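Here is the structure we will look at, set down as structure tokens.
The values are calculated or read from the model by the stated rules, or taken from the named source; none is laboratory data. Here the structure is a predicted model, which means the values were calculated and not measured. What goes into the accessible areas is simple: the full protein's heavy atoms, side chains included, and nothing from ligands, DNA or RNA. Shrake-Rupley method; radii C 1.70, N 1.55, O 1.52, S 1.80 Å.
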Amino acid sequence: MGVSGSGKTTIATGLAEELGHTFAEGDDFHSDANREKMRTGVPLDDNDRAPWLATIRDWMTERARAGRSTVVTCSALRRRYRDVLRGAEGETIFVHLDPPEEVTAARMERRRGHYMPASLLRSQLDTLEELGPDENGVRISGVGGPESILEETLAALRRRSA
């Protein structure tokens with residue numbers, strides 16, 4: 001979880017590969033209407049997000065019923081969004097990638113072909129609700145190269161499960 005540009009896709013693909021889990025890009029579950037809104041710089045509202053989150057939750061449940069663990073990228077910026085995802089069968093653990101705003105903005109400016117413009121970063125940061133102490137997850141700095149962030153993530157997950 002985390003704002004756009006925090007490194008979710010890069011770290012999630014590495015995490016899925018390392019753990020042998022099925023990977024899904026949460027952005028792929030967005031409707032065309034949601035993508036168009038973001039492409040034109042209009043932030044999504046809760047009505048836009050509700051069916052998207054439900055689709056991700058249902059996908060996770062289908063995989064859990066088939067005996068497959070998953071790694072899914074999803075901004076999951078608000079607790080109520082995470083509550084929807086927690087409704088999936090199986091255990092849901094959140095990895096919050098949380099680099100400083102300037103690091104995230106620089107990443108967003110460098111990437112090509114993504115529909116989420118850097119102009120929406122501030123609205124995402126304003127929406128973000130940190131993981132609560134009662135939520136199953138870890139916060140990762142998201143600073144450094146992909147290898148070091150992946151190592152930090154794996155270490156935090158190992159400590160959590162120990």
(request) Please work out how much length the chain gains when fully extended from Glu129 to Glu151, using 0.36 nm per residue of separation minus the C-alpha to C-alpha distance, in nm with one decimal. (result) 5.5 nm
(request) Taking H placed 1.01 Å from N in the peptide plane, check which residues at least 5 places from His96 or on another chain put their amide H under 5 Å from its amide H. (result) Val138, Arg139, Ile140
(message) No solvent, one uniform scatterer per C-alpha: report log10 I(q)/I(0) for region 15-68 via the Debye equation at q = 0.16, 0.17, 0.26, 0.32 1/Å, two decimals.
(response) -0.58, -0.63, -1.00, -1.25
(request) Roll a 1.4 angstrom probe over the protein heavy atoms and tell me the percent of accessible area of the chain that is carbon or sulfur. (result) 49 percent
(request) Can you check how the C-alpha radius of gyration of the chain compares to 2.2 N^0.38 Å, as a plain ratio? (result) 0.99
(message) Suppose only helical runs count, i.e. DSSP H with n ≥ 4. What mean residue ellipticity at 222 nm does that imply for the chain under -39500 (n - 2.57) per run, divided by all residues and rounded to the nearest 500 deg cm²/dmol?
(response) -15500 deg cm²/dmol
(request) Could you state how much accessible area Thr13 has, in square angstrom rounded to the nearest 10, with a 1.4 Å probe and all protein chains kept in place? (result) 60 Å²
(request) For region 1-117, report the accessible area per residue in Å² (1.4 Å probe, heavy atoms, rounded to an integer). (result) 50 Å²
